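Data block below; observations after.
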Amino acid sequence: MKQHFANLLDEEEAQIDMTPMLDVVFIMLIFFIVTATFVKEAGIDVNRPDAATAVQKDRANILVAISETGEIWINKRQVDVRAVQANIERLYAENPQGSVVIQADKLATTETLIKVMDAARAAGVFDVSIAAQEE
């Protein structure tokens, strides 16, 4: 009889409950997903000019890219110059603390850059920066 009870105790001790560990893993997964910051891109790679005084900007929520051919890209979509103001107004309404960063290619015309800057100011965003690479 003692042998029988000893076997039952051994079987109970051999079981490991994995539920608390899985709970912790899922809570950590949810925490990392919620706190992750996602990199926003304008939609194209731009060959930015070099600048000795380039400073990294922390809060750049509205990225506008201007290609060497004068194409304007916002949120991975090509946008006509007449629709830039409406797109910036919409994005600025979603995040009023954000700023506009214009990523103009080295070969982009100044005319296109000025049109985008005017559209940003007309949309009510006065914190407008031009992206450059550090030398």
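Things to note:
- Dividing the radius of gyration of the alpha carbons in segment 62-132 by their Kirkwood radius gives 0.92 for Rg/Rh.
- The order of the peptides 74-84, 114-124, 17-27 by mean Cβ neighbours within 10 Å, most packed first, is 114-124, 74-84, 17-27.
- Taking each residue as 0.36 nm, the span from residue 106 to residue 75 lengthens on full extension beyond its C-alpha to C-alpha distance by 9.1 nm.
- Multiplying the residue separation of residue 122 and residue 29 by 0.36 nm and subtracting their alpha-carbon distance yields 29.3 nm.
- Antiparallel %, DSSP beta bridges [both residues in segment 62-132], to 5: 45
Rule-based calculations on the coordinates, nothing more; no lab input. Bear in mind the structure is a predicted one, so any value in this text is a computation, not a measurement. Every residue, glycine among them, receives a Cβ derived from its backbone with ideal geometry; neighbour counts consider all protein chains shown.
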